[in-house]
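Visitor: Handing you this structure, nothing more for now.
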Amino acid sequence: MDERSSSREKRRLQREIEDLRSRLEEAEETLRAIRQGEVDSLVVSTDKGERIYTLRSADYFYRALVEQMGEGAVTINEDGVILYCNRRFAEMVALPLEQVMGEDVRSMITLRDRAHFNAMLISKTRGRKEMETALISADGTLIPVRLALSFIPHETPPSFCLVVSDMTEARKREDELREARDNLEQRVAERTADLVAKKEELEKLITERKRAEEQRRKLEAQLYRAKKMEGIGTLAGGVAHDFNNLLTTILGYAELALMQLGQGDPLYEHIIQIKNAGQKGASLTRQLLAFSRKEARRPELLDLNQAVAELEKILRRLIREDIELVINPEAGLGPVYMDPSQMDQIIMNLVVNARDAMPEGGTLTIETANVELDRAYFREHGIEESEPGSYVMLAVTDTGIGMDEETQSKIFDPFFTTKPRGTGTGLGLATVYGIVKQNRGYIWAYSEPGQGTTMKVYLPRAGEVLEPGRGGDMEVGGGLTGAETILVVEDNDQVLDMIVKILDRYGYRTLPARDGAEAVRVARDFEGEIHLLLTDVIMPGMSGKEVAERLRSERPDMKVLFMSGYTENIIMQKGILSGDIHYIQKPFSFEGLVRKVREAIDD
Amino acid sequence: MPKNPQPKDATEAFERAQRVSRDNVYHLRLYVTGATPQSRRATNKIKAICEQHLKGRYDLKVIDLYQQPDLAAEDQIVAVPTLIKDLPLPTRRLVGDLSVTERVLAGLNITGV
């Protein structure tokens, strides 16, 4: 061997030794590490590849993890047989560990989902496959779970790892949430329905209210019309009363004039016209009164205080809250004789008027009293034809705007009103006037602008009222002259005058008297015979009846002819003066008068 | 000598070696089996050593043989944990939990460079 090859060989050997040394070092190092327990696992080569054998003690970490975890962990083979499961899984299916191992896991899955599970088992694709299903616990309950299945490679037998998560809590929460949401939805729906219902109710109320309003308006309109109509009847009564006297005068004087003129006179025709017109007027008033009579009136004895008391509730409703209602009844108030509904109407109309005079509130006072009215009193009020006597007074006072003289003069006129257009018929006071007149009463207003108003109604106290008689023809006839003495008692001067003139014309001797007292005096002083007492029925002081009675006691043969302008007497059924009486109704033609006079005297 | 699995051919290996000697970066591979105790210890330890002595110039890979058992064959791993130093050359192998720092430093030829 030469040097070069030997040194090459030397170097080669050195390298080999070096290599061997390091390999030995490493091998020894490995052995050392193993011996000193610094090693967890060994790698073992098999024909299937590298397998790792882990020392048992090294395994602890994993085992603890698996046992501690909240999920169920199962190892199964490809037939589903449980090779291993952790405690949690055993708990889930409510079985002891020994009974779970070796069982087919598919028997613990609900029937419905087994096919799905099988499909996952068969497909050996990589990765984790998941499904949601339910486990059948040994106590029968179904536990909702999520399964995560994954294939474990390199294992013999081929195995799968199954992680089972209990979804009960999650499900519960889902259910709770769903319930809460459903609940909420329901509550919202209920509330909405509730609100809708309330809205409909409200709408219904509104429509009802509107309808009620509508009805009220209609009724008010009806009432207005009725009142207007009603007013007319009593108006007629009031008007006719005043008219009668005027017509009597007109007709009377016309006839007188005709008598004096004779048919050739140029004025004769004129007077005929006056007479005709007067008669037409009388006919008209008769019609008006017939109309007024159609109002069924049933008079009875009434206590005014009681009437007011009974109306009080209604009155308080009629007036507003800002008006104070004061009622001062007089104790021991005398009765009146009239239809109760007419009385109510007087009271109501006066109260309404008083209310309307106080748009800003105030006090409304109703008083009653027994009063005696004498002639002087009536004269003060500009009434010539009056009947002094005992009356019952009703006064309605307001603290309102008051009236001036001009207004006062018109207040009883029909259709006169101070109220704005559309409110009030203008018939309130006219109606009251009519009723008052129908019942032989009086009504006056006392007022100053800004000082308020008092309306005073006087009605004859019952017991003083003569029951009116029947009768009343207006016959015309001829051959009626006579020479008898007639005591004529009439408190209306004009009428008295006229009657006297007529009778004189026919040859009678007349003794005029303006009232009962005078009649008595005249009769006493007259020495001759008085054949006939012709007297008005209603007079101040003494009534015609009283005069008749008084004089009859001294002159028993004296005949009596009553006359009256109150035609409503005709419809009064009650109380014909005792026995048959002679009665003539005003207005009468003087022929009619004379005829009746003749009749009465010849009776 | 165990083969270095990473370079594709000798040229690359050479070039890499050249680079390493220029950069002075340590390429280390630690084979473990998941979270077994020694594996965990070894992992902790090598990290600590690298941070302390090789900060900024090391490249450490931890290979879990539970996940990739086939890789054990390439480096002919017998026992786990095993640490392999690829670079700088020469390659070195250490087995065990690496708990003795001096031995690790000596084994990897880490000096106070």
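Visitor: Could you check how many residues of region A:353-376 are under 22 Å from A:Arg320 (Cα atoms) and surrounded by fewer than 16 Cβ atoms within 10 Å (Cβ to Cβ)?
Guide: 4
Visitor: Assigned to a loop (DSSP other than H, G, I, E, B) and surrounded by 12 or more Cβ atoms within 10 Å (Cβ to Cβ), is that true of A:Ala94?
Guide: Values: assigned to a loop (DSSP other than H, G, I, E, B): yes; surrounded by 12 or more Cβ atoms within 10 Å (Cβ to Cβ): yes.
For A:Ala94, the condition - assigned to a loop (DSSP other than H, G, I, E, B) and surrounded by 12 or more Cβ atoms within 10 Å (Cβ to Cβ) - is met.
Visitor: Here are some residues: A:Glu132, A:Glu67. Which one is over 24 Å from B:Gln67 (Cβ atoms) and either over 60 Å from the mean Cα position of the chain (by Cα) or assigned to a loop (DSSP other than H, G, I, E, B) (or both)? So that I can check it myself, show each step before the final result.
Guide: Details: A:Glu67 fails: over 24 Å from B:Gln67 (Cβ atoms).
The match here is A:Glu132.
Visitor: Listed residues B:Gly56, B:Gly34; which is surrounded by fewer than 19 Cβ atoms within 10 Å (Cβ to Cβ) and either part of a loop (DSSP other than H, G, I, E, B) or in contact with a Phe, Trp or Tyr (Cβ under 7 Å, 6 or more places away or on another chain) (or both)? Show your work before the answer.
Guide: Values: B:Gly34 fails: surrounded by fewer than 19 Cβ atoms within 10 Å (Cβ to Cβ).
Of the residues listed, the single one that is surrounded by fewer than 19 Cβ atoms within 10 Å (Cβ to Cβ) and either part of a loop (DSSP other than H, G, I, E, B) or in contact with a Phe, Trp or Tyr (Cβ under 7 Å, 6 or more places away or on another chain) (or both) is B:Gly56.
Visitor: Being in contact (Cβ under 8 Å) with a residue 60 or more places away in the chain, surrounded by fewer than 19 Cβ atoms within 10 Å (Cβ to Cβ) and closer than 19 Å to A:Met539 by Cα is the filter here; which residues of region A:491-513 pass it?
Guide: A:Asp493, A:Gln494
Visitor: Determine whether region A:347-360 contains at least one residue that is outside any helix (DSSP H, G or I), over 29 Å from the mean Cα position of the chain (by Cα), on the phi < 0 side of the Ramachandran plot and in the same structural domain as A:Ser447 (by TED's automatic domain parsing).
Guide: From region A:347-360, those outside any helix (DSSP H, G or I) are A:357-360; that's our starting set.
Adding the requirement that they be over 29 Å from the mean Cα position of the chain (by Cα) leaves none.
Among the residues of region A:347-360, not one is outside any helix (DSSP H, G or I), over 29 Å from the mean Cα position of the chain (by Cα), on the phi < 0 side of the Ramachandran plot and in the same structural domain as A:Ser447 (by TED's automatic domain parsing), which makes the answer no.
Visitor: I need the full set of residues from region B:62-113 which are in a loop (DSSP other than H, G, I, E, B) and among the hydrophobic types (A, V, I, L, M, F, W, C), in order please.
Guide: Initial filter on region B:62-113 (in a loop (DSSP other than H, G, I, E, B)): B:65-70, B:75-78, B:81, B:88-91, B:96-100, B:108-113.
If the condition is that a residue be in a loop (DSSP other than H, G, I, E, B) and among the hydrophobic types (A, V, I, L, M, F, W, C), then B:Leu65, B:Ile77, B:Val78, B:Leu89, B:Leu98, B:Val100, B:Leu108, B:Ile110, B:Val113 are the ones that fit.
Visitor: Right, another one. Do the conditions hold for B:Asp64, that is, is it within 11 Å of another protein chain (Cβ to nearest Cβ), touching a residue at least 24 places away in the same chain (Cβ under 8 Å), closer than 17 Å to A:Asp40 by Cα and out of contact with any strand residue (DSSP E or B) (no Cβ under 9 Å at 6 or more places or on another chain)? Can you show your working first?
Guide: Working: within 11 Å of another protein chain (Cβ to nearest Cβ): yes; touching a residue at least 24 places away in the same chain (Cβ under 8 Å): yes; closer than 17 Å to A:Asp40 by Cα: yes; out of contact with any strand residue (DSSP E or B) (no Cβ under 9 Å at 6 or more places or on another chain): no.
No, not satisfied.
Visitor: State the number of residues belonging to region A:146-175 that are assigned to a strand (DSSP E or B) and touching a residue at least 60 places away in the same chain (Cβ under 8 Å). First the steps, then the outcome.
Guide: The initial filter retains those residues of region A:146-175 that are assigned to a strand (DSSP E or B), namely A:146-152, A:159-166.
Filter once more, so that each one left must be touching a residue at least 60 places away in the same chain (Cβ under 8 Å): A:152, A:159-166.
Number satisfying all stated conditions: 9.
Visitor: Looking at region A:43-64 only, could you name the residues that are assigned to a strand (DSSP E or B), in contact (Cβ under 8 Å) with a residue 12 or more places away in the chain and either touching a Phe, Trp or Tyr at 6+ places or on another chain (Cβ under 8 Å) or not aromatic (Phe, Trp, Tyr) (or both)? So that I can check it myself, show each step before the final result.
Guide: Our first condition is that a residue be assigned to a strand (DSSP E or B); within region A:43-64, this holds for A:43-46, A:49-54.
Next cut, in contact (Cβ under 8 Å) with a residue 12 or more places away in the chain only: A:49, A:51, A:53-54.
Result: A:Gly49, A:Arg51, A:Thr54.
Visitor: Related question: Counting only residues that are within 16 Å of A:Pro299 (Cβ to Cβ), surrounded by fewer than 22 Cβ atoms within 10 Å (Cβ to Cβ) and of a type outside the set (A, V, I, L, M, F, W, C), which one in region A:442-468 is modelled with the lowest pLDDT?
Guide: A:Glu467
Visitor: For region B:105-113, check the following and say yes or no: at least one residue is crowded, with 20+ Cβ neighbours inside 10 Å, more than 10 Å from every other protein chain (Cβ to nearest Cβ), in contact (Cβ under 8 Å) with a residue 60 or more places away in the chain and under 11 Å from the mean Cα position of the chain (by Cα).
Guide: Checked region B:105-113: at least one residue is crowded, with 20+ Cβ neighbours inside 10 Å, more than 10 Å from every other protein chain (Cβ to nearest Cβ), in contact (Cβ under 8 Å) with a residue 60 or more places away in the chain and under 11 Å from the mean Cα position of the chain (by Cα).
Visitor: Something else: Could you grab me the full set of residues in region B:47-72 that are within 30 Å of A:Glu155 (Cβ to Cβ) and of a type in the set (A, V, I, L, M, F, W, C)?
Guide: Going through region B:47-72, the residues within 30 Å of A:Glu155 (Cβ to Cβ) turn out to be B:61-72.
Within region B:47-72, B:Val62, B:Ile63, B:Leu65, B:Leu71, B:Ala72 qualify.
Visitor: A further question follows. Take A:Glu29 and tell me if it is out of contact with any Cys (no Cβ under 7 Å at 6 or more places or on another chain), more than 22 Å from B:Pro69 (Cβ to Cβ), surrounded by 12 or more Cβ atoms within 10 Å (Cβ to Cβ) and within 11 Å of chain B (Cβ to nearest Cβ). Talk me through it step by step, then tell me what you get.
Guide: Details: out of contact with any Cys (no Cβ under 7 Å at 6 or more places or on another chain): yes; more than 22 Å from B:Pro69 (Cβ to Cβ): yes; surrounded by 12 or more Cβ atoms within 10 Å (Cβ to Cβ): yes; within 11 Å of chain B (Cβ to nearest Cβ): yes.
Answer is yes for this residue.
Visitor: Shifting gears a bit: Exactly one of (1) within 28 Å of A:Cys85 (Cα to Cα); (2) modelled with pLDDT of 90 or more is unmet by A:Arg171. Its number?
Guide: Of everything listed in (1) within 28 Å of A:Cys85 (Cα to Cα); (2) modelled with pLDDT of 90 or more, A:Arg171 misses just condition (2).
Visitor: Right, here's the next one. Criterion first (under 30 Å from B:Leu83 (Cβ atoms) and either within 11 Å of another protein chain (Cβ to nearest Cβ) or in contact with a Cys (Cβ under 9 Å, 6 or more places away or on another chain) (or both)) does A:Val39 satisfy it?
Guide: Numbers: under 30 Å from B:Leu83 (Cβ atoms): yes; either within 11 Å of another protein chain (Cβ to nearest Cβ) or in contact with a Cys (Cβ under 9 Å, 6 or more places away or on another chain) (or both): yes.
Yes: the conditions hold for A:Val39.
Visitor: Tell me whether region B:68-80 contains one or more residues that are in contact with an Asp or Glu (Cβ under 6 Å, 6 or more places away or on another chain), surrounded by 13 or more Cβ atoms within 10 Å (Cβ to Cβ), within 22 Å of A:Glu50 (Cβ to Cβ) and modelled with pLDDT of 90 or more.
Guide: Scanning region B:68-80, I find at least one residue that is in contact with an Asp or Glu (Cβ under 6 Å, 6 or more places away or on another chain), surrounded by 13 or more Cβ atoms within 10 Å (Cβ to Cβ), within 22 Å of A:Glu50 (Cβ to Cβ) and modelled with pLDDT of 90 or more, so the answer is yes.
Visitor: Now a separate question. Looking at A:Leu13, A:Leu24, A:Leu20, A:Leu95, which is the one that is away from chain B (no Cβ under 14 Å), hydrophobic (A, V, I, L, M, F, W, C), out of contact with any strand residue (DSSP E or B) (no Cβ under 7 Å at 6 or more places or on another chain) and free of Cβ contacts under 8 Å to residues at least 12 places away in the same chain? Spell out how you get there, then give the answer.
Guide: On the way: A:Leu24 fails: away from chain B (no Cβ under 14 Å); A:Leu20 fails: away from chain B (no Cβ under 14 Å); A:Leu95 fails: free of Cβ contacts under 8 Å to residues at least 12 places away in the same chain.
Checking each option against the conditions leaves just A:Leu13.
Quick grid of which residues meet (1) closer than 30 Å to A:Lys48 by Cα; (2) of a type in the set (Gly, Ala, Ser); (3) within 60 Å of the chain's Cα centre (by Cα):
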{"position": "A:Pro96", "(1), (2), (3)": "no, no, no"}
{"position": "A:Ile109", "(1), (2), (3)": "no, no, no"}
{"position": "A:Met120", "(1), (2), (3)": "yes, no, no"}
{"position": "A:Arg146", "(1), (2), (3)": "no, no, no"}
{"position": "A:Pro153", "(1), (2), (3)": "yes, no, no"}
{"position": "A:Arg178", "(1), (2), (3)": "no, no, yes"}
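Visitor: When you go through (1) at pLDDT 90 or above; (2) closer than 30 Å to A:Thr285 by Cβ one by one for A:Leu142, which number turns out not to apply?
Guide: With respect to (1) at pLDDT 90 or above; (2) closer than 30 Å to A:Thr285 by Cβ, A:Leu142 is out only on (2).
Visitor: Is it the case that some residue within region A:564-580 is over 58 Å from the mean Cα position of the chain (by Cα) and modelled with pLDDT of 70 or more?
Guide: No, region A:564-580 has no match at all.
The values are calculated or read from the model by the stated rules, or taken from the named source; none is laboratory data. Remember, predicted model here, so these are calculated numbers, not experimental data. We place every Cβ from the backbone using ideal geometry, glycine too, and count neighbours over all the protein chains shown.
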